[in-house]
Amino acid sequence: MEKSQHIPVLLNEVIEGLNLSVNDTVIDATVGGGGHAKAILDKIGPKGTLLGIDWDKDAIERARVYLKEHEDQVILKQGNYIDIKKIAYESRISKINAILLDLGLSRDQLKDFSRGFSFQAEGPLDMRFSDQGLTKASDIVNTWPENDLVQIFEEYGEERHAARAAQNIIAARKLAPIETAKDLADVVMRGVGKHGRIHPATRIFQALRIATNKELDNVSQALPEMIDLLAIHGRLAVISFHSLEDRILKQYFRSMSRAEDPKITLINKKVIKPAREEILENSASRSAKLRIIEKIR
Ligand SMILES: C[S@@+](CC[C@H](N)C(=O)[O-])C[C@H]1O[C@@H](n2cnc3c(N)ncnc32)[C@H](O)[C@@H]1O
């Protein structure tokens, strides 16, 4: 497994925001290529412990290579972060001082054309983060009723031409199943045409990825579990890349912090975004938003 190409986003902001100390126990719930994890390990020192979770077994292998020098203090597990409690229990760690959740996909996944995340890919239209019990994006586009396609394109893709894109998919799949990412990009391009700078399939691909991996449900389900797992004064940092995800985070954290006897406090009242320099260096960071909370009881 070659080294990760992924550049960790908002790295300094995450490390500062998590307020780490030497010997801490930390969970990186989306360890990816291990970029954030490496910086966390440097902060918690040789007696700290890091549990890295990723749904994607290739990511786990990449992280294993990258974090090799810390192998005695790192536990890596393939799994869905919604099972974080079970995974932490099985890994025999408790009193968690910090949890990081860096949502979305990594550059390694995007650039692996056999995964179907990129619309330039001739590979199968797969888009699953994991081989663990998910339906491929090709099954969604080839079998879902038109209305359901329109709904995800509108809701998850915020696509103005959702209905037209769905009609075109239905017409195309009657002739032959849509097998590759490029097939789908061509169908959408023919139906919707190019408006503005971005490829018309960009939003459709985003919507399909979110639906394939049930990304919004995962976030909503995991937040309470993560807060439960934290020790008092433990912190949770979440990076999101999509307005719907950020809305879920913002509303949940706000309502929890305003409860009568609140369990958490907001560390940053205003969302943290990458500085201009970071966006110039890594355009994939441009839509990133970071929110950090601390458990107070
Ligand atoms: C943006 S990348 C993380 C990059 C990482 N922070 C780094 O510095 O290399 C997001 C990762 O989350 C993983 N992921 C997405 N949904 C997940 C889920 N429900 N459970 C576990 N991992 C998930 C993806 O497979 C991907 O590797």
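The values are calculated or read from the model by the stated rules, or taken from the named source; none is laboratory data. All figures in this text were calculated on a predicted structure; none of them were measured in a lab. FYI the Cβ positions are ideal-geometry reconstructions off the backbone, even for glycines, and counts take in every protein chain you see.
Might you check whether a residue that is more than 10 Å from the ligand (Cβ to nearest atom), within 25 Å of His242 (Cα to Cα) and in contact (Cβ under 8 Å) with a residue 24 or more places away in the chain occurs anywhere in the stretch 91-101?
Narrowing the stretch 91-101 to residues more than 10 Å from the ligand (Cβ to nearest atom): 91-99.
Those left that are additionally within 25 Å of His242 (Cα to Cα): 98-99.
Remaining after also requiring in contact (Cβ under 8 Å) with a residue 24 or more places away in the chain: 98-99.
Yes, the stretch 91-101 contains at least one residue that is more than 10 Å from the ligand (Cβ to nearest atom), within 25 Å of His242 (Cα to Cα) and in contact (Cβ under 8 Å) with a residue 24 or more places away in the chain.
May I ask you to list the residues in the stretch 256-282 that are outside any loop (DSSP other than H, G, I, E, B) and over 14 Å from Ile292 (Cα atoms)? Break it down into steps so the answer makes sense when it comes.
Of all residues in the stretch 256-282, those outside any loop (DSSP other than H, G, I, E, B) come to 256-257, 264-266, 272, 276-281.
Correct list: Arg276, Glu277, Glu278, Ile279, Leu280, Glu281.
Residues to consider are Lys269, Lys273; find the one that is modelled with pLDDT of 95 or more and not polar (S, T, N, Q). Talk me through it step by step, then tell me what you get.
Working: Lys269 fails: modelled with pLDDT of 95 or more.
Matching residue, one of Lys269, Lys273: Lys273.
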Next item on the list: Could you please let me know if Gly116 is touching a Leu at 6+ places or on another chain (Cβ under 9 Å), in contact (Cβ under 8 Å) with a residue 24 or more places away in the chain, within 25 Å of Ile204 (Cα to Cα) and of a type in the set (Gly, Ala, Ser)?
Entry: yes
Next item on the list: List the number of the failed condition for Asp56; all other conditions in (1) touching a residue at least 12 places away in the same chain (Cβ under 8 Å); (2) surrounded by fewer than 19 Cβ atoms within 10 Å (Cβ to Cβ); (3) acidic (Asp, Glu) hold.
Entry: (2)
Note to self: I'd like the full set of residues that are closer than 17 Å to Asp112 by Cβ and within 7 Å of the ligand (Cβ to nearest atom), limited to the stretch 36-76.
What the structure shows: Asp54, Trp55, Asp56, Ala59
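Filter the stretch 225-268 down to the residues that are aliphatic (A, V, I, L, M), in contact with a strand residue (DSSP E or B) (Cβ under 9 Å, 6 or more places away or on another chain) and over 19 Å from Lys85 (Cα atoms) and list them by number.
Ile239, Ile248, Leu249, Met256, Leu266, Ile267
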